[in-house]
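This report refers to the structure that appears directly beneath it.
Read-outs: derived from the displayed coordinates by stated rules, not from any lab. Bear in mind that the values here come from a model prediction, so they are computed numbers and not experimental data. Glycine gets a Cβ as well: all are built from the backbone with ideal geometry, and neighbour counts include every protein chain shown.
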């Protein structure tokens, strides 16, 4: 088990039992620092901050539009669709959302000329 996994488990235990025992005592028994516990607790609270919630909602919208377009729409087109739906965001914001989610647009092959023998 990794050390960070072990620490987060200890911090979760301290959070659950802090009404029954002192944080100081549990931290000492579990061999973790009190400051580490309070830092972990603050970071966990920040995950539900308004900006994180708005980012998660935008990610869901971007993922839906990308999926509805069969992966063809990328960062240049998705902001236009979002603007039509009432959510105005920048192309760079959409690009960052796509990177976070590992989404990439599918590049279609260039169209062949009309008189091409391959048609």
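The C-alpha atoms of the chain define a longest principal axis, and helix 3-17 lies at about 60 degrees to it. Extending 7 Å from the Cα toward the beta-carbon at both residue 43 and residue 12 defines two label points whose distance is 1.5 nm.
Considering only Cα atoms, the convex hull volume of the stretch 65-105 works out to 56 Å³ per residue.
Between helix 50-68 and the chain there is an angle of about 30 degrees, using the helix long axis and the longest principal axis of the Cα atoms. The angle between the Cα long axis of helix 91-101 and the longest principal axis of the Cα atoms of the chain comes to about 60 degrees, rounded to the nearest 10.
For the chain, adding -39500 (n - 2.57) for each run of n ≥ 4 DSSP H residues and dividing by the number of residues yields -19000 deg cm²/dmol at 222 nm. Using the Cβ-Cβ distance between residue 30 and residue 55 with R0 set to 35 Å, the FRET efficiency works out to roughly 0.60. Projected over every direction and averaged, the convex hull enclosing the alpha-carbon atoms of the chain yields 12.8 nm². For the stretch 3-46, the Kirkwood radius over C-alpha pairs fed into Stokes-Einstein at 25 °C and 0.890 mPa s yields D = 239 µm² per second.
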